[in-house]
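What follows is a short report on a single structure.
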Amino acid sequence: MILVTGGAGFIGANFVLDWLNQSDEAIINLDLLTYAGNLENIAGLAADARHTFVRGDIGDSALVTELFARFQPRAIINFAAESHVDRSIHSPEDFIQTNIVGTFRLLEAGRAYWNGLNGKAKQNFRFIHVSTDEVYGSLGKGEPAFDETHCYEPNSPYSASKAASDHLVRAYHHTYGLPVITTNCSNNYGPYQFPEKLVALMIVNALAGKPLPVYGDGQQIRDWLYVKDHCSAVRRVLEAGVPGETYNVGGRNEKPNIDIVHTVCTLLDALRPLIIGSYHALITFVTDRPGHDRRYAIDASKIERDLGWKPAETFETGIHKTVQWYLDNPAWVSNVQSGAYRTWLEKNYEGRS
Ligand code: NAD
Ligand code: TYD
């Protein structure tokens with residue numbers, strides 16, 4: 001079996017669902033259920049004996065040690081993190097605790113477990129750390145996309161905390177020989193994304209007739225990947241990735257934010273037309289995010305060449321599926337907008353002109 005952390009969040013839940021669709025290998029899913037963790041994402045697995053959910057913190061060494069001892073996983077895949085840049089600007093402390101201290105404790109527990117293994121079990125064990133392209137900092141117009149040798153220049157508390165975790169993971173391979181692999185992926189979108197991130201927020205706000213807040217001039221560029229393609233990359237890395245290596249993951253879909261928002265509006269105009277007018281009219285430019293990175297772009301040649309991975313979706317097919325999923329799941333959309341979510345919206349958006 002494998003141990004997955006953060007498997008009730010956006011990418012982790014997609015990973016767990018896809019895994020169990022394709023394999024009978026069991027999963028232990030360790031998730032703290034922070035605001036971003038949602039058991040509804042994995043409700044379909046409630047009666048599935050292959051899935052064991054454990055509510056807990058990756059930073060709880062005793063718990064993680066016990067899970068390793070009890071379930072003897074052949075690998076751990078670490079998705080658990082505080083993941084939203086705007087929240088890291090308002091409250092960085094949680095990012096330090098989970099992304100740095102939590103990853104450190106997970107590495108320590110993983111190292112102790114791995115040291116106790118023998119033979120093939122020891123040789124085949126993997127610690128996969130799921131990270132982000134944001135650790136590389138911001139690109140200027142025309143600069144080549146990030147490859148794995150790009151220097152680390154994180155600019156937000158989120159990306160700095162992920163960078164610190166990547167460094168720890170690297171050090172545990174270099175110093176102790178722990179068979180780690182880090183993936184650095186570009187921006188994901190798709191089903192079950194919490195509506196604090198751009199694509200999900202725009203869909204949910206548009207359906208509620210609320211303004212679509214575009215930061216600054218909307219010309220910041222992100223490199224978009226459909227979440228299930230990220231999941232297939234992580235599966236491929238677990239299967240064939242080389243310990244100690246890092247792999248950049250992306251779909252060569254660089255787009256300015258404003259184009260993303262227009263695409264969402266155009267799709268909604270077609271799939272759920274308003275009686276009068278268009279969703280485009282809801283677009284509102286608001287005060288920029290402090291320290292806003294201008295451009296991210298991933299060079300995914302290494303994973304394509306060495307592991308034969310490539311995305312299944314284009315941006316057009318992926319964004320269509322995503323908008324359709326939000327339209328098909330009104331109960332999920334409504335339940336996710338709790339009181340805490342509304343408090344977050346007030347905190348992040350009410351002060352912006
Ligand atoms: P998310 O915020 O949707 O989910 C994070 C999950 O981790 C939640 O279920 C939460 O409850 C859980 N969690 C948080 N703190 C925890 C702790 N201390 N112990 C156990 N569980 C905890 O995040 P996501 O978008 O699914 O991202 C998953 C991973 O992928 C993160 O490591 C993130 O940095 C990375 N990543 C995300 C993107 C993206 O576009 N979303 C892109 C590249 C990499
Ligand atoms: P986000 O989804 O938060 O991901 P990240 O900051 O990790 O790239 O934001 C994606 C881009 O969209 C980023 O440039 C910020 C911008 N953005 C907005 O313009 N408005 C919003 O309300 C949000 C949440 C993001």
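The values are calculated or read from the model by the stated rules, or taken from the named source; none is laboratory data. This is a predicted model, so every value here is computed, not measured. Here the Cβ positions follow ideal geometry from the backbone for every residue, glycine too, while neighbour counts run over all protein chains shown.
For this structure, a couple of remarks:
- Exactly one residue out of Glu153, Glu108 is among the acidic types (Asp, Glu), within 24 Å of Leu30 (Cβ to Cβ) and modelled with pLDDT of 95 or more: that is Glu108.
- Take the conditions (1) more than 9 Å from ligand 1 (Cβ to nearest atom); (2) farther than 15 Å from Phe10 by Cβ; (3) in contact with a Lys or Arg (Cβ under 8 Å, 6 or more places away or on another chain); Tyr226 misses just one of them, which is (2).
- Some residue of region 2-14 being in contact (Cβ under 8 Å) with a residue 60 or more places away in the chain, more than 28 Å from Arg87 (Cβ to Cβ) and either within 8 Å of ligand 1 (Cβ to nearest atom) or not in a loop (DSSP other than H, G, I, E, B) (or both): yes
- One residue alone among Val204, Val169 is within 13 Å of ligand 1 (Cβ to nearest atom) and either crowded, with 21+ Cβ neighbours inside 10 Å or over 21 Å from Leu307 (Cα atoms) (or both), and that residue is Val169.
- In region 121-131, the condition of being within 16 Å of ligand 2 (Cβ to nearest atom) and either in contact with a strand residue (DSSP E or B) (Cβ under 7 Å, 6 or more places away or on another chain) or closer than 24 Å to Ala13 by Cα (or both) is met by at least one residue.
- Pairs meeting the criteria (first residue in region 258-287 and assigned to a loop (DSSP other than H, G, I, E, B), second residue of a type in the set (Ser, Thr, Tyr) and surrounded by fewer than 16 Cβ atoms within 10 Å (Cβ to Cβ), beta carbons under 7 Å, at least 6 apart or on different chains) are Thr287/Ser353.
- Test: residue in region 52-72 that is touching a residue at least 40 places away in the same chain (Cβ under 8 Å), among the acidic types (Asp, Glu) and farther than 17 Å from Gly37 by Cβ: no
- Residue in region 33-50 that is in a strand (DSSP E or B) and of a type outside the set (Val, Ile, Thr) present: no
- Summed over region 123-145, the residues that are in a loop (DSSP other than H, G, I, E, B) and either under 14 Å from Phe79 (Cβ atoms) or among the aliphatic types (A, V, I, L, M) (or both) give a count of 2.
- Residues of region 328-353 satisfying the condition of being of a type outside the set (Ser, Thr, Tyr), without any contact (Cβ under 8 Å) to a residue 60 or more places away in the chain and away from ligand 2 (no atom under 13 Å from the Cβ): Asp328, Pro330, Ala331, Gly339, Arg342, Glu346
- Here Gly251 clears all of (1) under 22 Å from Tyr136 (Cβ atoms); (2) at pLDDT 95 or above; (3) touching an Asp or Glu at 6+ places or on another chain (Cβ under 8 Å) except the condition numbered (2).
- Residue count, region 296-313 (criterion: assigned to a loop (DSSP other than H, G, I, E, B) and either free of Cβ contacts under 8 Å to residues at least 60 places away in the same chain or surrounded by 16 or more Cβ atoms within 10 Å (Cβ to Cβ) (or both)): 8
Residue-by-condition table, conditions (1) under 26 Å from Leu168 (Cβ atoms); (2) within 15 Å of ligand 2 (Cβ to nearest atom):
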site	(1), (2)
Val227	yes, yes
Leu238	yes, no
Asn248	yes, no
Gly251	no, yes
Asn257	no, yes
Cys265	no, yes
Asp293	yes, yes
Lys302	yes, no
Arg305	no, no
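- Residues in region 153-174 that are within 16 Å of ligand 2 (Cβ to nearest atom) and not aliphatic (A, V, I, L, M): Glu153, Pro154, Asn155, Ser156, Pro157, Tyr158, Ser159, Ser161, Lys162, Ser165, Asp166.
- Contact map, region 89-116: first residue without any contact (Cβ under 8 Å) to a residue 40 or more places away in the chain, second residue of a type in the set (A, V, I, L, M) and assigned to a helix (DSSP H, G or I), Cβ cut-off under 9 Å, separation 6 or more or different chains; pairs are Gly116/Ala69.
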